[in-house]
1. Pick out the one residue from A113, A107 that is small (G, A, S) and outside any loop (DSSP other than H, G, I, E, B).
2. If you go through the stretch 54-104, how many residues are over 15 Å from I129 (Cα atoms) and part of a helix (DSSP H, G or I)?
3. Filter the stretch 88-134 down to the residues that are within 15 Å of V71 (Cβ to Cβ) and of a type in the set (G, A, S) and list them by number.
4. Looking at the stretch 117-128, I want the residues that are under 19 Å from D77 (Cα atoms) and touching a residue at least 24 places away in the same chain (Cβ under 8 Å) and have a partner that is assigned to a loop (DSSP other than H, G, I, E, B) and of a type in the set (D, E) with Cβ atoms under 9 Å, at least 6 apart or on another chain. Which pairs are those?
5. Please enumerate the residues belonging to the stretch 116-130 that are in contact with a Lys or Arg (Cβ under 9 Å, 6 or more places away or on another chain) and either hydroxyl-bearing (S, T, Y) or not in a loop (DSSP other than H, G, I, E, B) (or both).
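Just so you know, all these numbers are worked out from the coordinates, no wet-lab data involved. Because the structure is predicted, anything quoted here is derived from the model rather than measured. Reconstructed Cβ throughout: ideal geometry from the backbone, glycine too, with neighbour counts over all protein chains shown.
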Amino acid sequence: MRINTAAVATIVFFILSGAAVAQGAVRGADGGFRQMYQVAGPIGAIVGGAIVGGLAGRFGGDRRQRFHDYVAKQRHDSYVYDRQVDIGAVLPDQGVTFYEIPPDFDARGYKYAIVNDRTVIVDPQSRRIVLIVD
């Protein structure tokens, strides 16, 4: 039986690509769990792990770089925040500008902001940082 090398290479590529995205989701879920546990206790940890894990998966691999490039081209000013930029931090209700995330990043309901020269994904209702995209 003869195996087509191109077919095998394609299958391996897709398997490894999926593993990379999954790894981003797992890492994001763990980070969200830990950060939100400190902010909101056990219930916050469960919710934070689910939200951050899902978003981290959407912004994993080459999509993270594409989003970073997209944001850099927009040339938005950075908001100067007098606190540490962390997942779970709540941004002030004045002064910070939230921007739309393009639909191809599948982050409906979230916006992004530039805070202390870092790109953050924010829940606009609570103004809470849910993901940091560096």
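1. Only one candidate qualifies: A113.
2. Residues in the stretch 54-104 being over 15 Å from I129 (Cα atoms) and part of a helix (DSSP H, G or I): 17 in total.
3. Those that are within 15 Å of V71 (Cβ to Cβ) and of a type in the set (G, A, S): A107, A113.
4. That search, which allows pairs on different chains as well, returns R118/D134; T119/D134; R127/D93.
5. Selection gives I121, V122, D123.
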